[in-house]
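Participant: Have a look at this one.
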Amino acid sequence: MNGWASWATVPAGRRGSWAVLALWALLLVPALLLAGRLGEVEQNDNAAWLPGGAESTAVVERAAALGAADTVPAIVLYDRPTGITSADLTKARADATAFGSVEAVVGAVRGPVASPDGKALQTVVQLRKGKDGWEGLGHSVDALTAIGAAHADGGAHSDGLGFHVTGPAGYASDSIKAFGAGGSLTTITAVVVVLILLLTYRSPWLPLLSLVTVGGALAVAEAAVFLLARYAGLVVNKQTGFILVVLVFGAATDYALLLIARYREELATRQDPHEAMARALRRCAPAITASAATVAAGLLLLTLAELNSTRGMGPACAIGVLVGWLAMLTLMPALLVVCGRRAFWPRRPEYGVAAPDGGRIWTRLGDAIARRPRTLWIGTALALGALALGCFALRADGLADTEQFTGHPQTAVGKQIQAAHFPAGAGDPLYVVARADAAGPVRTALASVPGVLALGEPLLTNGQILFTAELSADPSSRDAMRTVSLARTAVHAVPGADALVGGTTAIALDTRDAASRDDAVIIPVVLLTVLLILAVLLRSAVTPLLLIGTVVLSFGAALGVSALVFRHLFHFAGTDASFPLLVFVFLVALGVDYNIFLVTRVREDARTLGTRRAARTALTATGGVITSAGLVLAGTFAAMASLPLVFAAELGFTVAFGVLLDTLLVRSVLVTALALDTGPRLWWPARSTEPPTSARSETSPLRVT
C-alpha cells in the first residue's frame, strides 16, 4: 500500500496532474497517426488463420514452388428458372472473355459449363491474392461482378437471368465487406458506453471524461499493436481489430466506474479534491491492477494456441487491457482533479454531506441472503449447473461458408444456386502435393477415396507434382471433411510419396482439430494462472478456489444457454471452432474481475466489522458500481451484433449474457452467500482478519459507492 500511496500523489497532485495531461498529449500525437495505419499490417489471408504446423499449411508452402499457392477460385454462376437460353450462353461466354482482362485473373478461365438440368451456367476464374490479401480479392470480385452485371438483371424477376460470384474468392470478398463494418462498431460501442454512463451518473461531464480517456487508450493500444505487427512479427487480422475495440471500451470503462465511485466517496470526507483523489487511488488501484493483470494474463496465454488467429489475438488484446489500465490510473485521475467537483455537475458531491443512499436494494438483498446463505448458494450453484447442461447442444466444429453470415450475401445465395444445379464440390477442389516419381500411386490412391469425383490435370515442377481433386460434397461441409481425412489416410500410405492434402476443406479440418487441441491445453493453464493471481492478491487458499468455482459455473451456464439460443432462437448452424476457448478466456478473466472488486472490499471491511458483516456491507458498497460496470461491459460486447457475421453475433451474445449473469447472480448472490456461510475461514491459511468481538462495529454506517 505504501507504494500505491507514493504513486497516487502524482496524477492526483496539483502539479502532477498537469504533468500527466501533458505527457498523454505528447503520447497521443504519434499514437493517433499510427493507430490509423493498423489496417496496413493486418493479415487476413489463410496464413493468418491457419495452424502453423498443420498439413494444409505445409501444402500452401510446397504449392508455392509450383506457382499455385497464391490463387483462389471464384465461381461465377448464371441461373434462369425457366432454363438457360442461347442468348444467356452467348452472354456468359462474352463474360468469360472479359474476365480474362481483369488484372488479378491467372490462367485460363474455365467455362461456362451448363448444369445437367439446363437451368444454370458455371464459370471458374482463378484469382491472384497479391499483397493485399483479402482486400485484393474483394477488388477482383467487384471487377467480375461489374462485368456480369452488365449482362444480367440479378435475378430480380421470376424469369430473370441471375448472376452471382461465390466460391472461396466470393466468400473472401463478402467477409472483407462484413469486417469493414468495424468502423461503425467503434461508434456504436462509444454510444452504448455514453448512454449507460449518463444513466448511471446523470452528468454530461463524467461520460465525456471517460470517453476521452478510453479513446486515448484505444489509440495508444492500436499504435502499439501496429508497431509490434510491423517490426516484431505479431500476426493481427480484422477479427483481432474489432475485439480489441470492444475489450478496451468495456474493461477501461469498468475501471473508470470504480475510480469515480471511490473518488465521489472520498469527496464527502475531504474538502480538497486532490487529497480525495489520492486516497481514492490508494484504495481502488490494487483491485483495478489485479483485475487488469488477471485479464491480461489470460489473454497472453492465448499465445500457446496453434491457431495463428487466436495466438495473435492474445498479445494484441492484452496490450489493450494494460493500456486501458494505465490510462484509468493516470489520465482519468488527472482529468477528474483538474475539473474538480464540477465534473459531477449537476449533482456535485459536497464536503461533509454523505452521498445519497443508492444501496438500499443491495442492503435488503444482503439481509435476505444472510438469513439462509447455505441454502441460497447451494440452490444457485445447482441452477447454474442445470443451465450448463445446454452445452451438450453446442456444435463447435466450424461453420460452412453459407453459414458464416447473419444475412444473405452474394456468396451464400450463389452457394445455394450451385448446390441446386451442380455437384456440390465443383470449383473448390482439394490440393494434393507429392513427389513426382510417386505420381501414379498417389493418383490411384486418390481415385479410390469415397467422395472424390474427379482428378484434374497434374502440375509438375522441380520434382514435385500437384493434383486437384473435386469433391462430391460441399467443400465447407462436414462430409467433405471426412473425405479429406480418408484422402490423407490413402495418400500417406503411398511409400516414398511424401504426399500431403490441402485446400479449403483441409484448412477447415485442420482449424477444427487445432481448436480442440487449444481448448485442452489453454483452458487448464488459464484456470491455474488465475488461481495463482487470486492467491497472491487475497493471501488465501480458500477464497481463490471458491471464486474460480463460481466463474466456471457461470461460464458453463452462459455457454449452455447460448447453445440453446443459437440453435432454437437464432437458428445458427453452429459456432466457429475457436468460439469455446475465446468465450472461456473472456468470461473467466472478466468474471473474476467483479469477484475481485467485491472480495477485496470484504477483506478491507473485515478488519473492523468481521467477515460476515463485511460481506453484507461490501455488497451494499459495491452493488451499484459493479452492476453499472457489468452493464457497460455487456453493452460493449452486445454491440458486436452490428457486424453481419455469425461469429461476432455469437461471441457478443455469449459474453454479454455471461457478464450479466455473473454481475447480477453470481457475484451478488452466490459469492456473497459463500462468504457469509464460510465466515473467517474464507481467509485460511492467513491469520484471521477478524477484530475482537467487542471492537466490531455492528452499527457502522454503510459506505455507498
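Participant: Is at least one residue of segment 567-580 within 30 Å of R395 (Cα to Cα), modelled with pLDDT under 90 and in contact with a Gly (Cβ under 6 Å, 6 or more places away or on another chain)?
Facilitator: Taking every residue of segment 567-580 in turn, at least one turns out to be within 30 Å of R395 (Cα to Cα), modelled with pLDDT under 90 and in contact with a Gly (Cβ under 6 Å, 6 or more places away or on another chain).
Participant: Condition test on T310, is it free of Cβ contacts under 8 Å to residues at least 40 places away in the same chain, part of a helix (DSSP H, G or I) and of a type in the set (V, I, T)?
Facilitator: Numbers: free of Cβ contacts under 8 Å to residues at least 40 places away in the same chain: no; part of a helix (DSSP H, G or I): yes; of a type in the set (V, I, T): yes.
Judged against the criteria, T310 is not a match.
Participant: Right, next: Considering only segment 154-253, give the helices (runs of 4 or more DSSP H) lying wholly within it that have at least 1 residues that are out of contact with any His (no Cβ under 8 Å at 6 or more places or on another chain) and at positive phi. Break it down into steps so the answer makes sense when it comes.
Facilitator: Working: elements: 167-179, 182-201, 205-231.
Those helices (runs of 4 or more DSSP H) span 167-179.
Participant: Filter segment 284-301 down to residues that are surrounded by fewer than 20 Cβ atoms within 10 Å (Cβ to Cβ) and free of Cβ contacts under 8 Å to residues at least 60 places away in the same chain and give me whichever is farthest from M313 (Cα to Cα).
Facilitator: T289
Participant: Follow-up question, since we're still on this one. What do you reckon, is G312 modelled with pLDDT of 90 or more and not hydrophobic (A, V, I, L, M, F, W, C)?
Facilitator: Considered against the rule, which asks whether it is modelled with pLDDT of 90 or more and not hydrophobic (A, V, I, L, M, F, W, C), G312 comes out as no.
Participant: Determine, yes or no, whether T363 is surrounded by 14 or more Cβ atoms within 10 Å (Cβ to Cβ) and over 24 Å from F579 (Cα atoms).
Facilitator: Working: surrounded by 14 or more Cβ atoms within 10 Å (Cβ to Cβ): yes; over 24 Å from F579 (Cα atoms): yes.
Yes.
Participant: Please count how many residues of segment 448-469 are touching a strand residue (DSSP E or B) at 6+ places or on another chain (Cβ under 6 Å) and either free of Cβ contacts under 8 Å to residues at least 24 places away in the same chain or aromatic (F, W, Y) (or both).
Facilitator: Result for segment 448-469: 4.
Participant: Still on this structure, please answer the following. Looking only at segment 205-237, which residues are within 21 Å of L645 (Cα to Cα) and crowded, with 24+ Cβ neighbours inside 10 Å?
Facilitator: Here is the first cut: in segment 205-237, the ones within 21 Å of L645 (Cα to Cα) are 236-237.
Within segment 205-237, V236 is the sole residue that qualifies.
Participant: Given the criteria more than 30 Å from A675 (Cβ to Cβ), at pLDDT 90 or above and either part of a helix (DSSP H, G or I) or more than 19 Å from the chain's Cα centre (by Cα) (or both), does R512 qualify?
Facilitator: Numbers: more than 30 Å from A675 (Cβ to Cβ): yes; at pLDDT 90 or above: no; either part of a helix (DSSP H, G or I) or more than 19 Å from the chain's Cα centre (by Cα) (or both): yes.
Considered against the rule, which asks whether it is more than 30 Å from A675 (Cβ to Cβ), at pLDDT 90 or above and either part of a helix (DSSP H, G or I) or more than 19 Å from the chain's Cα centre (by Cα) (or both), R512 comes out as no.
Participant: Please go through segment 42-83 and give me each residue that is touching a Gly at 6+ places or on another chain (Cβ under 6 Å), modelled with pLDDT of 85 or more and farther than 25 Å from V432 by Cβ, ordered by number.
Facilitator: Once the filter is applied, which keeps residues that are touching a Gly at 6+ places or on another chain (Cβ under 6 Å), modelled with pLDDT of 85 or more and farther than 25 Å from V432 by Cβ, segment 42-83 yields L77, D79, G83.
Participant: Can you tell me which of (1) without any contact (Cβ under 8 Å) to a residue 12 or more places away in the chain; (2) part of a strand (DSSP E or B) is the one V125 doesn't meet?
Facilitator: Single failed check for V125: (1).
Participant: Do the conditions hold for V442, that is, is it crowded, with 23+ Cβ neighbours inside 10 Å and in contact with a helix residue (DSSP H, G or I) (Cβ under 6 Å, 6 or more places away or on another chain)?
Facilitator: Numbers: crowded, with 23+ Cβ neighbours inside 10 Å: yes; in contact with a helix residue (DSSP H, G or I) (Cβ under 6 Å, 6 or more places away or on another chain): yes.
In short, yes.
Participant: Taking the condition of being surrounded by 15 or more Cβ atoms within 10 Å (Cβ to Cβ) and either under 22 Å from S173 (Cα atoms) or not assigned by TED's automatic domain parsing to the domain that holds I75 (or both), how many residues in segment 86-105 meet it?
Facilitator: So the count comes out to 8.
Participant: Another question, then. Just one of V432, V494, V452 is crowded, with 18+ Cβ neighbours inside 10 Å, out of contact with any Ser or Thr (no Cβ under 8 Å at 6 or more places or on another chain) and at pLDDT 85 or above; which is it?
Facilitator: On the way: V432 fails: out of contact with any Ser or Thr (no Cβ under 8 Å at 6 or more places or on another chain); V452 fails: out of contact with any Ser or Thr (no Cβ under 8 Å at 6 or more places or on another chain).
Among V432, V494, V452, only V494 is crowded, with 18+ Cβ neighbours inside 10 Å, out of contact with any Ser or Thr (no Cβ under 8 Å at 6 or more places or on another chain) and at pLDDT 85 or above.
Participant: State yes or no: is G658 touching a residue at least 40 places away in the same chain (Cβ under 8 Å) and buried (at least 24 other Cβ atoms within 10 Å of the Cβ)? Steps first, answer last, please.
Facilitator: Values: touching a residue at least 40 places away in the same chain (Cβ under 8 Å): yes; buried (at least 24 other Cβ atoms within 10 Å of the Cβ): yes.
Criteria met by G658.
Participant: Please specify each residue of segment 520-577 satisfying the condition of being part of a loop (DSSP other than H, G, I, E, B), out of contact with any helix residue (DSSP H, G or I) (no Cβ under 6 Å at 6 or more places or on another chain) and closer than 22 Å to S291 by Cβ. Show your work before the answer.
Facilitator: Keep residues of segment 520-577 that are part of a loop (DSSP other than H, G, I, E, B), which gives 539-541, 569-577.
Narrowing the set further to residues that are out of contact with any helix residue (DSSP H, G or I) (no Cβ under 6 Å at 6 or more places or on another chain) leaves 539, 541, 569-571, 574.
Residues satisfying the conditions are R539, A541.
Participant: Among the residues in segment 346-360, are any part of a helix (DSSP H, G or I), more than 30 Å from S56 (Cβ to Cβ) and at pLDDT below 85?
Facilitator: The first filter runs over segment 346-360 and keeps only residues part of a helix (DSSP H, G or I), leaving 360.
From what's left, more than 30 Å from S56 (Cβ to Cβ): 360.
Still in the running and at pLDDT below 85: 360.
So far as segment 346-360 goes, yes, one or more of its residues are part of a helix (DSSP H, G or I), more than 30 Å from S56 (Cβ to Cβ) and at pLDDT below 85.
Listed here are the residues, each with its yes/no results for (1) among the β-branched types (V, I, T); (2) touching a Ser or Thr at 6+ places or on another chain (Cβ under 6 Å).
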residue: G560; (1), (2): no, no
residue: A563; (1), (2): no, no
residue: F572; (1), (2): no, no
residue: P580; (1), (2): no, no
residue: V585; (1), (2): yes, no
residue: L590; (1), (2): no, no
residue: D593; (1), (2): no, yes
residue: A606; (1), (2): no, yes
residue: R613; (1), (2): no, no
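The values are calculated or read from the model by the stated rules, or taken from the named source; none is laboratory data. Predicted model, so just to flag it, every value in this text is computed and none were measured. With ideal geometry, Cβ positions are generated from the backbone for all residues, glycine too; neighbour counts draw on all protein chains shown.
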